[in-house]
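Pasting a structure below so you can have a look.
The values are calculated or read from the model by the stated rules, or taken from the named source; none is laboratory data. Only a predicted model underlies this, so the values are computations on that prediction, with no experimental measurement involved. Neighbour counts are summed over all protein chains in view; Cβ atoms, including those assigned to glycine, are modelled from backbone coordinates with ideal geometry. Note: accessible area is taken over every heavy atom of the protein model, side chains too, but ligands, DNA and RNA are not part of it. Shrake-Rupley method; radii C 1.70, N 1.55, O 1.52, S 1.80 Å.
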Amino acid sequence: MAEDRESAGNDYEDIISLERPVSRTHPPMDRADRAAQFSPFAALTGFEDALRETGRLTDFRRELDEDEIQILDEKLREIRERIREHPRAAVTYFKPDGKKDGGAYVTVEGNVKRLDIVEGNLIMEDGTRISVREIAELKTDEEIF
């Protein structure tokens, strides 16, 4: 057995001092490309994005009670009466998420350009269209300042 160990250590002595062979047809690969062969890769493409999306929290739309609906109707009526003045308002509304259930509550502050009763939209001067059904809170200019 001692002979086996001695010969095992000398297996490559005959080639260890030889120069590395160079191909006549293929140019040598540069170090960056050689290193890239051994770099890690994403076996599950998109997995990290899917995990991030699953972990992203969304809110659920809450229903307004009768008193809140009445207050909102009064404020919308006030805005409709003053629409020529482009009254200032702060609108908090529910914006549904395009990718999953729920959404987020967004607050926009600015001047109201139009109240489209047919489509049920409040249109701000910056072009933001807000569905009246999604409004959670509406503050008029007297309440903002």
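Of all residues in segment 35-71, which are among the polar types (S, T, N, Q) and at pLDDT below 80? Explain how you work it out, then say what you get.
First, pick out the residues of segment 35-71 that are among the polar types (S, T, N, Q): 37, 39, 45, 54, 58, 70.
Within segment 35-71, S39, T45, T54, T58 qualify.
On to the next question. Take R24 and tell me if it is among the basic types (K, R), surrounded by 10 or more Cβ atoms within 10 Å (Cβ to Cβ) and either in a loop (DSSP other than H, G, I, E, B) or modelled with pLDDT of 80 or more (or both). Spell out the reasoning first.
On the way: among the basic types (K, R): yes; surrounded by 10 or more Cβ atoms within 10 Å (Cβ to Cβ): no; either in a loop (DSSP other than H, G, I, E, B) or modelled with pLDDT of 80 or more (or both): yes.
Criteria not met by R24.
Looking for whichever is under 15 Å from I130 (Cβ atoms) and in contact (Cβ under 8 Å) with a residue 24 or more places away in the chain here; the options are G110, G103. Which one fits?
Numbers: G110 fails: in contact (Cβ under 8 Å) with a residue 24 or more places away in the chain.
Just a single option satisfies the conditions, and that option is G103.
Oh, and also: Residue by residue through segment 42-60, note down the ones that are open to solvent by less than 90 Å² (accessible area, probe 1.4 Å) and in contact (Cβ under 8 Å) with a residue 24 or more places away in the chain.
The answer is E53, R56, T58, D59.
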